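FYI, it's all coordinate maths here, none of it is from the lab. All of these numbers come straight from a predicted model, not from anything done at the bench. Because the Cβ atoms are built from the backbone with ideal geometry, glycine has one as well, and the counts that use them run over all protein chains shown.
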There are 4 protein chains.
Amino acid sequence: MAVKNIGIVVGSLRKGSYNKAIGQYLREQAPQGVSLEMVEIGGLSLYNQDYDENDEPAEYAPFRQKIKSFDGIIFITPEYNRSVPGVLKNAIDVGSRPYGSSVWDGKPAMVISSSISNQSGFGANHHLRQSLAYLNMPTLAQPEVYIANVQACFDEDGSLLKEDSGRFLTKALNAYIDFANRHV
Amino acid sequence: MAVKNIGIVVGSLRKGSYNKAIGQYLREQAPQGVSLEMVEIGGLSLYNQDYDENDEPAEYAPFRQKIKSFDGIIFITPEYNRSVPGVLKNAIDVGSRPYGSSVWDGKPAMVISSSISNQSGFGANHHLRQSLAYLNMPTLAQPEVYIANVQACFDEDGSLLKEDSGRFLTKALNAYIDFANRHV
Amino acid sequence: MAVKNIGIVVGSLRKGSYNKAIGQYLREQAPQGVSLEMVEIGGLSLYNQDYDENDEPAEYAPFRQKIKSFDGIIFITPEYNRSVPGVLKNAIDVGSRPYGSSVWDGKPAMVISSSISNQSGFGANHHLRQSLAYLNMPTLAQPEVYIANVQACFDEDGSLLKEDSGRFLTKALNAYIDFANRHV
Amino acid sequence: MAVKNIGIVVGSLRKGSYNKAIGQYLREQAPQGVSLEMVEIGGLSLYNQDYDENDEPAEYAPFRQKIKSFDGIIFITPEYNRSVPGVLKNAIDVGSRPYGSSVWDGKPAMVISSSISNQSGFGANHHLRQSLAYLNMPTLAQPEVYIANVQACFDEDGSLLKEDSGRFLTKALNAYIDFANRHV
């Protein structure tokens, strides 16, 4: 078996997000037979455990259904305050509940982090990995993907500026697909 | 100088939240001259960096003003998926922006984590500490406060069930106030 | 293909180590065709990068050769000061160098942590996972293995005291072997 | 009261260590009345809990005595495998035991990490901070000190190559001393 549909979840809502640009670039590099799709997370209400028993926000069910439909997930994220952005963590929390019904369960994952400085979102990258272990998402080890100075790699329209960043991302995508194929 | 007003930020929105119960208990233990106040974070829109330059959600300014008014902050949080709940991380992100105007800056902090199992929110506790270093919030080291099996310490109405948990929390509060007084 | 030889690396040198007891127990549960072997790390000199170019301690080469001979690695560790014991981290460092010659590379891993308290070595468990991502060791996500109050699960002679801990460890071992078989 | 004697603990044993160069540079910047001293950790035997009850390695007692004599500790470390070098973690473990007799207790700390790449030892920096919280060492939040591309800041003889790195380190040292003075 082989993965066919891969979801991309981006940790920034900014219109000109560099992380969206990375996601867009990866979509264009998808090998034959694999499709990558960006998932919207900006409309998800803040998770409240009371929702598990009562009226849930209407947007929760379609989001969970969408995640469930994928064979694997690529997370692409900036770092906010040395950790995962709240907006991304909220999406993870929403998908993980109610307890026992997590839609992330078993889906192979890749983590990409970036920053406009040297540090490349290291803190977000590894905090996210800690959650993914719990969520039972086998996660690609190498290549780790840290994109430093991302504003030199992509412009805000999403065009690739640096060829070797593009090559590295494509290589990482292929490594991930090989990894994911071992887990479906 | 001495701290007078301390904010309590709770990582769970659940009505019968045990973490709210801890916060409520601490409020009642506040020593003479110190007041503790719970801060509402459930109404904050998911942070989007575009807001920094355009129309911000109306609720951001009063939240930031409220945080700014405190001499210190106590975070009380469950663990979601081995990390800080999205709702709490979003509040931290909102308070930290726009870049250069963080309202958390310099405020001494304490971290309390809890769980209904053995592990006591360890993952949330330390992921949060990583953010607090960046946010320039001197954070109480010991006592670390991990509340295991919190449902045996407080009931959902917020009443203390276990005397020694109460004593430990009071002792930790006093250690925090002493610590905070060194940073104002 | 299937894994045949699995190394067990234990983070405690104590003679009556509970983590060694866990390792010993796992050895006895190894399914047909798989052998588990404990690796000695207490005799490794503290790593010094100067060794990469000069005379290395004599014990480094056989240790690296031994690790290289395995199809996968199980780490079993206590937590020292909220992180991986120095003795275990040193073994990891020795095996990872010289740069480009890591003997850990590509070997599927499992992490087991334990403590004599509630917290089960959570801090050691996840700090270790962060290293394993870098070392390109695909690591079992679930079941995460945290053994709380390990002194109630095994005695210091290594005998199992608690049947359901034994069953859980055996189940985790089998999940790991299935996981590892996907990566050889 | 004010800190007078500060210990510097370096996470690399390499003769031409850049982290030692940073330590040496800080020594020269020490303000009037404060002395900084480098502590040797390369001769400490790997910690074994059996030592707590039996014959300890002879070098443990003078190391612990030395650490005890300081008013505060500056840690300067590279990152090995996305975490704290084993040699540094071992020194921390040795100083922390036997249980209840930790010589680190209460001493204010600063963490400096560096790397010869972009990432500046982020993983080591924050894993170390997690240990310091447990060890009851109040730790300077800002400035966080990450030295990227350290080989461009100091040469292997320890001479400063980049003036603004020197100024930043001096500023951080002064911030640390101010912080430490609040905790003695």
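Observations
- For GluC sites (Glu not before Pro), the sites in region D:51-89 that DSSP calls loop and that have at most 12 other Cβ atoms within 10 Å are D:GLU53.
- Cα centroid separation - region A:122-184 against region D:77-132, whole Å: 28 Å
- Nm distances between copies for D:TYR60, ranked from closest, using label points 7 Å along Cα→Cβ: 2.7, 5.3, 5.5
- DSSP-defined antiparallel bridges as percent of all bridges, chain B, nearest 5: 10 percent
- Dividing the summed -39500 (n - 2.57) terms of all DSSP H runs of n ≥ 4 by the residue count of chain D sets its mean residue ellipticity at 222 nm at -11000 deg cm²/dmol.
- Bridge type composition, the protein assembly as shown - antiparallel percent by DSSP, nearest 5: 10 percent
- Put a dot 7 Å past the Cα of D:LYS162, heading toward its Cβ, do the same for A:THR170, and the two dots end up 3.2 nm apart.
- For the pair B:GLU59 and D:GLU40, label points projected 7 Å from Cα toward Cβ lie 6.1 nm apart.
- The amide H of B:ILE112, built 1.01 Å from its N in the peptide plane, has B:PHE75, B:ILE76, B:THR77 as neighbours under 5 Å, considering only residues 5 or more places off or on other chains.
- Nearest beta-carbon to the A/C symmetry axis - residue in chain A, distance in Å: A:ARG182, 2
- What the Cα convex hull of chain B gives, in volume per residue, is 106 Å³.
- Spatially proximal aspartates and glutamates relative to B:LYS4 (Cα-Cα < 13 Å; intrachain offsets below 8 disregarded): B:GLU37, B:ASP71, B:ASP178
- Of the residues B:ASN81, B:ASN19, B:ASN149, the one that moves most in a GNM of chain B with alpha-carbon contacts below 10 Å is B:ASN81.
- Karplus-derived 3J(HN,Hα) values for region B:39-48, using 6.51 cos²θ - 1.76 cosθ + 1.60 with θ = phi - 60°, are 10, 7, 10, x, x, 7, 4, 4, 5, 9 Hz; glycine and proline are entered as x.
- Nearest-ten-degree value, helix B:18-29 long axis tilted from longest Cα axis of chain B: 80 degrees
- Sorted from closest to farthest, the other copies place their D:GLN142 label points 2.9, 3.7, 3.9 nm away, with each point set 7 Å from Cα along Cα→Cβ.
- Against chain D, whose longest principal axis is taken from its Cα atoms, helix D:122-134 shows a tilt of about 40°.
- Within region A:111-172, GluC sites (Glu not before Pro) in DSSP loop having at most 13 other beta-carbon neighbours inside 10 Å: A:GLU156
- Using a 7 Å Cα-to-Cβ projection, A:ARG167 label spacings across copies, nm, ascending: 3.8, 5.5, 6.7
- Shape analysis of the protein assembly as shown based on the Cα gyration tensor places the equivalent ellipsoid semi-axes at 34, 33, 28 Å, largest first.
- Using Cβ point charges alone (K and R +1, D and E -1), the dipole size of region D:83-184 about the Cα centre works out to roughly 360 debye.
- Less than 5 angstrom separates the built amide H of D:SER117 from those of D:ASN149, D:VAL150, all sequence-distant by 5 or more or on a different chain.
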